[in-house]
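Enquirer: Structure below; questions to follow.
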Amino acid sequence: MCHLSYPLEMEIAGTTAMWTRPDSGDCPVTYPAPTFSAVKAIFESILWGPAIEIVPIRVEICRPIQYHSYTTNYGGPLRSNDQIKKGNSYQLLATVLIDVCYKMYARVQPTHSNKTLPEKAVLWDKNTTSPGHAYQNIFCRRLVRGQCYSTPFLGWREFTPSYWGELRSETNPIVDLADITIPSMLRQVFSNGNNSPVDYVFDNDLVIAGGALCFPERESRHD
């Protein structure tokens with residue numbers, strides 16, 4: 001069954017962002033732009049549901065790319081057993097982005113399979129003339145009202161935005177930004193959707209051109 005998709009757009013800005021390159025090891029380094037999964041998560045922080053599929057399309061970079069050294073005391077589960085037992089943290093060094101602003105574009109559609117959906121979600125879709133259009137309207141209403149399913153963040157949860165909402169007319173992509181080639185960029189970790197096992201997927205040879213990064217089109221893996 002074919003489902004129509006509908007466009008979504010939003011803007012987000014903040015003082016610090018981290019789009020982690022998985023190959024950067026113990027001192028993580030950011031990609032120069034948000035990953036597919038990061039953009040997806042930001043949209044899903046406003047509109048999420050088991051029957052909804054959001055597919056990121058493009059990110060526009062609206063402020064110069066500035067890297068910055070960042071240090072924090074890490075107290076999470078990746079510490080050694082001895083550190084955890086003693087309640088010790090360690091200093092985590094990272095390379096982040098500062099003073100960021102992005103315009104983000106995606107599309108929303110009902111998921112392609114009803115096999116694992118809750119009964120209420122399946123019933124709602126069946127009783128709605130155009131579920132994709134309804135999801136688009138819900139997203140737009142929430143964006144205008146400043147409502148969200150969870151607080152959006154810029155890669156790491158502690159990097160909260162200074163602005164998120166509708167596209168602002170005074171914000172524009174940096175069209176004269178020098179082209180940047182990204183040989184390999186993490187696309188998704190849980191590529192088969194909600195509650196799926198870890199399955200790393202990468203996009204190769206992506207290019208930031210004219211201040212924009214476009215994500216390659218792929219077949220949905222929810223069928």
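Rundown of residues vs (1) within 20 Å of the chain's Cα centre (by Cα); (2) surrounded by 12 or more Cβ atoms within 10 Å (Cβ to Cβ); (3) at pLDDT 95 or above, yes/no style:
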{"residue": "GLY165", "(1), (2), (3)": "yes, yes, yes"}
{"residue": "GLU170", "(1), (2), (3)": "no, no, yes"}
{"residue": "ILE174", "(1), (2), (3)": "no, yes, yes"}
{"residue": "ASP179", "(1), (2), (3)": "no, no, yes"}
{"residue": "PRO183", "(1), (2), (3)": "yes, no, yes"}
{"residue": "PRO197", "(1), (2), (3)": "yes, no, no"}
{"residue": "TYR200", "(1), (2), (3)": "yes, no, no"}
{"residue": "LEU206", "(1), (2), (3)": "yes, yes, yes"}
{"residue": "ALA209", "(1), (2), (3)": "yes, yes, yes"}
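Enquirer: Being of a type outside the set (D, E, K, R) and either closer than 30 Å to VAL198 by Cβ or in contact with a Phe, Trp or Tyr (Cβ under 6 Å, 6 or more places away or on another chain) (or both) is the filter here; which residues of the stretch 166-187 pass it? Spell out how you get there, then give the answer.
Expert: Step one: list which residues in the stretch 166-187 are of a type outside the set (D, E, K, R), which gives 167, 169, 171-175, 177-178, 180-186.
Selection gives ILE180, THR181, ILE182, PRO183, SER184, MET185, LEU186.
Enquirer: Going by what's in this entry, would ASN114 be described as at pLDDT below 85 and not in a strand (DSSP E or B)?
Expert: Numbers: at pLDDT below 85: yes; not in a strand (DSSP E or B): yes.
Yes: the conditions hold for ASN114.
Enquirer: While we're looking at this one, here's another question. I want to confirm something. Restricting to the stretch 49-93 and keeping residues that are surrounded by fewer than 16 Cβ atoms within 10 Å (Cβ to Cβ) and among the aliphatic types (A, V, I, L, M), which single residue is farthest from ILE174 (Cα to Cα)?
Expert: Filtering the stretch 49-93 for residues that are surrounded by fewer than 16 Cβ atoms within 10 Å (Cβ to Cβ) and among the aliphatic types (A, V, I, L, M), the one farthest from ILE174 (Cα to Cα) comes out as ILE84.
Enquirer: Taking ILE65, is it within 30 Å of GLU166 (Cα to Cα), aliphatic (A, V, I, L, M) and either within 12 Å of the chain's Cα centre (by Cα) or assigned to a strand (DSSP E or B) (or both)?
Expert: It is false that ILE65 is within 30 Å of GLU166 (Cα to Cα), aliphatic (A, V, I, L, M) and either within 12 Å of the chain's Cα centre (by Cα) or assigned to a strand (DSSP E or B) (or both).
Enquirer: While we're on this one: Tell me, which residue of the stretch 134-158 that is part of a helix (DSSP H, G or I) and surrounded by fewer than 14 Cβ atoms within 10 Å (Cβ to Cβ) is modelled with the lowest pLDDT?
Expert: We begin by selecting, within the stretch 134-158, every residue part of a helix (DSSP H, G or I); these are 134-145.
Retained after the next criterion (residues that are surrounded by fewer than 14 Cβ atoms within 10 Å (Cβ to Cβ)): 137, 141, 144-145.
On the way: ASN137: 90, ARG141: 94, VAL144: 94, ARG145: 95.
Once the filter is applied, the top-ranked residue is ASN137.
The values are calculated or read from the model by the stated rules, or taken from the named source; none is laboratory data. Model, not experiment: these values are computed from the prediction. All Cβ positions, glycine included, derive from the backbone under ideal geometry; neighbour counts span all protein chains shown.
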